[in-house]
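The values are calculated or read from the model by the stated rules, or taken from the named source; none is laboratory data. Just so you know, these numbers come straight off a predicted model, no measurement behind them. Cβ sites come from the backbone with ideal geometry, for glycine too, and all protein chains shown count toward neighbours.
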Amino acid sequence: MVKNIYTGRVVTLNVDTVALPNGVTVDLEVIRHPGASAVVPLKDDGTVVLIRQFRHAAGGFIYEIPAGKLNQGEDPLHCAERELEEEIGYRAGRFQLLSSIFTAPGFTDEVIHVYLGTGLTAGRQQLDRDEVLEVVEMPITKAVEMIHSGEIRDAKTIVGLQSTYILITTSRAGAREEGLDKEAF
């Protein structure tokens, strides 16, 4: 049984009566969310483009990769392309899916599809009315250091940046083994 508590613009809150695998029946509060896409924008020189965005629930400004909510029936890649240009004013020539992650599976069904975007070219930034952010560029090594220092705490951003860093470092190591002089994508 599902009892709807609240339906808003972004989420729906239900109380689901669930029979667990151990035979126990419980009421679980579940936030239903349509999902989202996020992009690690990586320039040819190894610079990542992040945003420093105001997030009321987090108590102020936090560092993030560009991301946004999926529209009903929307392909996650299309969402990633749209959000990249809207939030930071870049388009990517290539996208690679890094991971699709549950944000908080204890109480929500939200999945964020995290992409790497490369081959960046200028587009047009078009922020929504409720988006307060600044675009910040830095070497990916600095962004990874900011994860370790606690300056970057957003989960999708951590997954995206660390996955990208691993791709870059393993790609360079493989190129060295083959005798190639390969830089970051």
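What about Ala175, is it at pLDDT 95 or above, surrounded by 13 or more Cβ atoms within 10 Å (Cβ to Cβ), farther than 30 Å from Arg32 by Cα and out of contact with any Phe, Trp or Tyr (no Cβ under 6 Å at 6 or more places or on another chain)? Step through it out loud before you land on a result.
Working: at pLDDT 95 or above: no; surrounded by 13 or more Cβ atoms within 10 Å (Cβ to Cβ): yes; farther than 30 Å from Arg32 by Cα: yes; out of contact with any Phe, Trp or Tyr (no Cβ under 6 Å at 6 or more places or on another chain): yes.
Spelling it out, it is not the case that Ala175 is at pLDDT 95 or above, surrounded by 13 or more Cβ atoms within 10 Å (Cβ to Cβ), farther than 30 Å from Arg32 by Cα and out of contact with any Phe, Trp or Tyr (no Cβ under 6 Å at 6 or more places or on another chain).
Before we move on, is Leu28 over 16 Å from Glu137 (Cα atoms), outside the structural domain of Lys156 (by TED's automatic domain parsing) and among the hydrophobic types (A, V, I, L, M, F, W, C)? Show your work before the answer.
Numbers: over 16 Å from Glu137 (Cα atoms): yes; outside the structural domain of Lys156 (by TED's automatic domain parsing): yes; among the hydrophobic types (A, V, I, L, M, F, W, C): yes.
Criteria met by Leu28.
Applying the criterion of being aliphatic (A, V, I, L, M) and under 14 Å from Ile51 (Cα atoms) to the residues of region 130-146, the residue that is surrounded by the most Cβ atoms within 10 Å (Cβ to Cβ) is Ala143. When region 122-156 is filtered for residues that are free of Cβ contacts under 8 Å to residues at least 24 places away in the same chain and not basic (Lys, Arg), the ones remaining, listed by number, are Asp130, Val144, Glu145, Ile147, His148, Ser149, Gly150.
Take Ser37 and decide whether it is polar (S, T, N, Q) and touching a helix residue (DSSP H, G or I) at 6+ places or on another chain (Cβ under 7 Å). Against the criterion (polar (S, T, N, Q) and touching a helix residue (DSSP H, G or I) at 6+ places or on another chain (Cβ under 7 Å)), Ser37 qualifies. Among the residues of region 45-67, the one identified as closer than 24 Å to Thr121 by Cβ and free of Cβ contacts under 8 Å to residues at least 60 places away in the same chain is Pro66.
A single entry from Ala92, Ala143 fulfils the requirement of being over 16 Å from Gly35 (Cα atoms) and part of a helix (DSSP H, G or I): Ala143. Among the residues of region 59-75, at least one is among the small types (Gly, Ala, Ser), over 26 Å from Thr164 (Cβ atoms) and assigned by TED's automatic domain parsing to the domain that holds Leu133.
Among the listed residues Leu42, Leu70, Leu84, identify the single one that is closer than 15 Å to Val114 by Cβ, touching a Gly at 6+ places or on another chain (Cβ under 9 Å) and free of Cβ contacts under 8 Å to residues at least 40 places away in the same chain. Spell out the reasoning first.
Working: Leu42 fails: free of Cβ contacts under 8 Å to residues at least 40 places away in the same chain; Leu84 fails: free of Cβ contacts under 8 Å to residues at least 40 places away in the same chain.
Answer to the selection: Leu70.
When the residues of region 128-145 are filtered to those that are in contact with a strand residue (DSSP E or B) (Cβ under 7 Å, 6 or more places away or on another chain) and of a type in the set (A, V, I, L, M), the one that is farthest from Leu97 (Cα to Cα) is Val132. Counting only residues that are in contact with a strand residue (DSSP E or B) (Cβ under 7 Å, 6 or more places away or on another chain) and at positive phi, region 23-52 holds 2 of them.
Condition (residue is assigned to a strand (DSSP E or B), touching a helix residue (DSSP H, G or I) at 6+ places or on another chain (Cβ under 7 Å), assigned by TED's automatic domain parsing to the domain that holds Ile62 and surrounded by 14 or more Cβ atoms within 10 Å (Cβ to Cβ)) applied to region 154-162: is it met by at least one residue? Steps first, answer last, please.
Of region 154-162, the ones assigned to a strand (DSSP E or B) are none.
Checked against the condition, which is being assigned to a strand (DSSP E or B), touching a helix residue (DSSP H, G or I) at 6+ places or on another chain (Cβ under 7 Å), assigned by TED's automatic domain parsing to the domain that holds Ile62 and surrounded by 14 or more Cβ atoms within 10 Å (Cβ to Cβ), region 154-162 yields no hits at all.
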